[in-house]
Amino acid sequence: MSGDTYGGDRVDFSNGTFRGEAIGKKVEHHHHYGPMPHVEDALPPAAAEFTGREHELAVLLASLTPDGAHHGAVPVTAVAGLGGVGKTALAVRAAHTARGRGWFPAGALFVDCHGYDETPAGPEQLLEALLRALGVAAAHVPSTLDERAGLYRSVLAERARTDGRALIVVDNASHPRQVRPLLPGHPAHRVLVTSRDTMPQLGAHLLHLDILPPEVARNVLSRALSTAAPADPRVLDDPAGAARLCELCGHLPLALQIAAALLIFDPGKPVAELVAELDDSATVLDHLDDGERGVRAAFDLSYRRLGPEPARLFRLLALAPGPETSDEALTVLSGAGTPPRRELNVLVRAHLVGAGSVRGCWSMHDLVRAYALDQVSREESLRAEGTAARARLLAHYRRRTEAADRYVQNLPRPAPYPGFGSREEALSWLDRERTGLISAALWAAEPVHARAGLGLALGLFGYLNRQRYFDDAVSVHRCAAEAALALGDGSGAGRALRYLGLALRGNRRLAEAIEAHTRACGIHRERGDRLGEGKAWDMLGVSLTEARRFDEAIEAHERARELAHAVQDAQVEASTWNNLGRALFKLGRFDESIVALSRACAMFRSVGDRSREATARNNLGRAFRETGRLAEALAAHTTARAVFEELEERERLATSWNDFGVALSALGRYDEAVDAHRLAVREQRDLGHRHGEAIAAHDLGVTLGRAGRREEAVEAYLQSLRLYRELADRHGEGETLKRLTAAGHREPEPREEGGVR
């Protein structure tokens with residue numbers, strides 16, 4: 001007798017009769033079946049507009065191939081991902097492709113678990129559906145789960161012997177207990193599961209399905225429209241609008257299909273009009289609904305399955321600043337003493353939260369975040385909970401940033417808040433939390449968070465300036481200035497405007513920098529804050545120097561010096577002497593520059609500010625060089641360079657190397673000078689300091705020209721010229737063009753000279 005053994009029973013299907021020999025007793029049932037039906041037509045149709053999943057399709061097919069058993073293939077493959085990401089479409093396409101290749105001659109079964117509905121299908125119901133599909137009459141389906149599972153496995157075992165391999169597609173499962181009873185006992189068969197949850201308990205080969213790349217998302221949109229109307233040109237006619245529409249849809253296949261349906265419903269609607277509707281929507285989720293499908297409804301199914309604590313963490317994570325949230329920030333938001341691992345794991349398994357770019361950071365899809373924020377907005381208690389969570393995070397970020405800033409700026413005063421043991425550790429934390437810190441600082445625009453956001457923004461100045469994140473700094477300090485003005489905080493507004501001016505100057509937006517510093521001067525003067533006004537005048541003077549308005553710059557620095565001296569702030573007064581010395585140097589008043597810079601060195605030394613003393617000393621070396629005191633110049637640059645290296649001030653170190661090279665060149669030590677210049681060029685480029693790179697490349701060209709290495713000099717000048725033009729520095733461009741002409745190089749596209757450096 002042919003048969004199969006399962007759970008202690010021997011099952012036989014010969015002659016259409018089921019006979020079971022249970023341990024310790026003998027039973028016989030006569031079930032008269034008709035011919036066993038084939039189930040090759042049980043799969044849903046494959047989506048006509050399916051596109052963009054070639055790699056994932058290949059992965060699935062590799063797990064389904066008939067000889068997969070010889071390559072260690074796992075009988076169960078699970079496709080997991082966010083609701084609406086296209087799991088079912090991919091699984092169905094893979095199943096049809098495998099069937100078309102003849103891999104499953106016994107057919108393919110498909111069962112929907114409705115795992116995320118209010119009442120998911122139980123394993124008993126699923127087994128009954130599969131048994132019916134396999135030809136078992138309703139009256140002959142056993143009543144208990146174990147009996148149904150046993151019969152199901154026996155039928156599949158018989159199918160393997162008579163017809164070969166079968167594929168079972170288990171769609172939309174939400175828990176391993178829905179799937180386990182559906183796994184066949186015979187090794188020939190394959191099971192393909194789709195779920196929003198990762199279910200490692202199944203021992204399956206896992207494929208995590210992500211959103212589509214931008215270019216593929218546009219193809220999906222275009223394919224959907226062309227399927228309905230092959231001549232529809234709207235996506236092709238407006239590539240920028242289509243790209244923005246895909247962005248608003250979060251490159252999520254379900255959202256893209258709905259957007260396509262909305263365009264199909266209204267053939268006269270341009271893509272740009274739909275983009276405008278979604279852009280203006282308070283919540284894009286309300287618009288991504290075509291009457292049958294909706295992104296909100298898809299997310300509702302996942303959200304309703306969360307317990308109270310995972311649901312709370314889900315909402316709080318959506319309130320986090322930036323695209324990624326660290327364990328540290330998440331812990332503070334949740335108000336817990338340790339990272340809420342258990343709740344976080346629930347969200348990760350449900351694909352509502354994903355891993356960030358580095359370990360210990362977490363991210364949410366844009367539409368999922370929008371959905372969670374919408375949940376928060378619906379109840380006053382949830383809004384209050386969110387406000388409190390953000391306040392906790394702002395306070396935490398501010399304390400940590402102020403502590404880190406002491407290391408970043410090499411300030412002599414001790415850190416006010418413990419937590420960092422070194423400068424490297426402080427910078428590492430700032431780098432890791434950077435996007436969150438910047439986004440949180442921008443919360444200053446919200447009245448409820450204005451005060452705390454302002455404090456954080458001001459605390460970020462040193463870090464953003466040191467790392468040359470000037471674009472971020474402009475956004476942060478502009479927001480801070482507006483928040484301070486709204487709060488009536490003149491001191492904060494003046495300080496934010498000073499920092500804004502520095503960031504604008506770093507971006508070579510000199511006119512805007514001068515305006516910001518001038519506003520800061522006025523605000524501090526109105527408040528009677530002489531120290532703040534002195535700092536603002538000093539910063540204004542530096543921007544005026546960069547704009548080559550030297551006489552005005554000298555006047556600004558002298559005014560700043562008088563104010564600093566009046567309040568007896570030696571450090572600020574030292575800064576005014578240093579910056580005055582720079583302006584005098586630019587005007588060619590070298591002897592006066594030496595006096596001012598020497599005074600700056602002494603005053604910085606008296607307050608223990610080694611970094612700024614080294615800066616003043618390097619500037620002093622330039623003045624020594626121009627007065628023929630070359631040995632003193634080399635000594636000054638060497639001393640400054642040693643301090644910068646010790647304090648890890650890379651930009652200032654690169655500048656001092658270049659100045660050292662200029663002094664060596666003046667002494668005729670060209671090979672050494674070239675090495676110093678090249679090192680400076682590399683460092684400035686690595687730091688992203690294009691203006692510093694342009695200056696160093698120009699000076700390299702001068703030294704190479706003196707050394708008679710004309711071709712190399714021209715190459716260096718051309719590099720400098722390109723950078724000056726990118727920066728719109730007309731003075732630097734003009735000076736470099738003069739050098740090129742002197743070197744015998746003809747500029748093919750002469751440009752009008754003049755302007756500012």
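At a glance:
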item: Compactness of the stretch 116-185, expressed as Rg and Dmax over alpha-carbon positions, Å; result: 12.1, 40
item: Within the stretch 371-411, GluC sites (Glu not before Pro) in DSSP loop having at most 12 other beta-carbon neighbours inside 10 Å; result: Glu379
item: The stretch 173-273: C-alpha gyration tensor shape, a/c 1.5 cut-off, then a/b vs b/c; result: prolate
item: Accessible surface of the chain [probe 1.4 Å, protein heavy atoms]: carbon and sulfur percent; result: 50
item: Residue-wise HN-Hα coupling along the stretch 600-610, computed from phi with Karplus coefficients 6.51, -1.76, 1.60 (Hz; x: Gly, Pro); result: 4, 4, 5, 6, 5, 5, 5, 9, x, 9, 5
item: Phi to ³J(HN,Hα) by Karplus 6.51 cos²θ - 1.76 cosθ + 1.60 over the stretch 554-566, Hz, x for Gly, Pro; result: 4, 4, 5, 5, 5, 5, 4, 5, 4, 5, 5, 5, 5
item: Extension gain (nm, one decimal) between Asp238 and Glu277, 0.36 nm per residue minus Cα-Cα; result: 12.4 nm
item: The chain: antiparallel DSSP beta bridges as a percent of all, rounded to 5; result: 40
item: Distance between the stretch 596-615 and the stretch 640-675 - C-alpha centres, whole angstrom; result: 19
item: Sparse-neighbour loop sites [GluC sites (Glu not before Pro); the stretch 272-347; at most 14 other C-beta within 10 Å; DSSP]; result: Glu292
item: Among Val179, Leu344, Trp537 - extreme Cα towards positive end, dipole of the chain, charges at beta-carbon; result: Trp537
item: Value of D in µm² per second that Stokes-Einstein yields for the stretch 610-757, Kirkwood Rh from Cα pairs, at 37 °C (0.692 mPa s); result: 213
item: The stretch 286-388: Rg to Rh, with Rh as the Kirkwood radius over Cα pairs; result: 0.96
item: For the stretch 387-401, 3J(HN,Hα) per residue [Karplus equation, 6.51 cos²θ - 1.76 cosθ + 1.60, θ = phi - 60°, Hz, x = Gly/Pro]; result: 4, 5, 5, 5, 4, 4, 5, 4, 4, 5, 4, 5, 4, 5, 5
item: Whole-angstrom Cα spans of the chain along principal axes, big to small; result: 115, 61, 58
item: Dimensionless Rg ratio for the stretch 563-617, taking C-alpha atoms and the 2.2 N^0.38 Å reference; result: 1.06
item: Which of Leu256, Phe590, Gly734, positive extreme of dipole for the chain (C-beta unit charges); result: Phe590
item: Gyration tensor (alpha-carbon) shape descriptor, the stretch 370-409, a/c threshold 1.5; result: prolate
item: Whole-angstrom gap from the stretch 102-181 to the stretch 249-275, using each part's C-alpha centre; result: 37
item: Qualifying trypsin sites (Lys or Arg not before Pro) for the stretch 377-484 [loop in DSSP, other Cβ within 10 Å: at most 10]; result: Arg378
item: Probe 1.4 Å, accessible area per residue of the chain, Å²; result: 44
item: Check: the chain dipole with +1 on Lys, Arg Cβ and -1 on Asp, Glu Cβ, in debye; result: 1580
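The values are calculated or read from the model by the stated rules, or taken from the named source; none is laboratory data. Because the structure is a prediction, the values reported are computed rather than measured. Backbone-built Cβ (ideal geometry, glycine too); neighbour counts: all protein chains shown. Surface accessibility is based on the protein's heavy atoms, side chains included, excluding ligands, DNA and RNA. Shrake-Rupley method; radii C 1.70, N 1.55, O 1.52, S 1.80 Å.
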